[in-house]
Amino acid sequence: MAEAKNNTKVATPFAQTYFHGTKADLKIGDLVETGFNSNFGQHKNAKYIFLSATLDAAIWGAELALGEGRERIYLVEPTGKIEDDPDLTDRKFPGNPTKSYRSTEPFRVVGEVTIWQGHPIEQLKAMKDKLEKLKEQGINSLNDE
């Protein structure tokens, strides 16, 4: 969003698109907020919520989310400050090539991606196995801290 002369925000064709992968059933205008059980780490009340500027990272979020609901990818806009997700940028991908971010402030749902291709079953299983091994080793998410 850009600011007009009277300090109101106006849409621009160059606004960053962000995605949020989940199994939650949300509607346009709903807020994604902290305080619910996390889908990752120790599954405590989430201190942070997550979004990505890449569809692939959002697909992983949807595929790895807990619950029985349908996997969904929402287009979201942050309502406040976002920062790099340290689990991905500090531990795995310096420089944040996955364009993964977190925030303590809500995201507003502005749309849904209804047609997308998930990862191959073998790749998804390998990721889930890797996450289970990390859990068994006591390696938790920085986002639980």
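Derivation of every value follows stated rules applied to the coordinates shown; laboratory data play no part. Model, not experiment: these values are computed from the prediction. We place every Cβ from the backbone using ideal geometry, glycine too, and count neighbours over all the protein chains shown.
Points worth noting:
- Pairs exceeding 23 Å between alpha-carbon atoms, taken from Lys23/Lys99; Lys23/Lys47; Lys99/Lys130; Lys81/Lys130: Lys81/Lys130.
- Point-to-point label distance, Glu122-Val110, nm (Cα→Cβ direction, 7 Å offset): 3.9 nm
- Label separation (Leu131 vs Asp25): 2.2 nm, computed from points 7 Å beyond Cα along the C-beta direction.
- Of the peptides 109-118, 74-83, the ranking by mean beta-carbon count within 10 Å, highest at the top, reads 74-83, 109-118.
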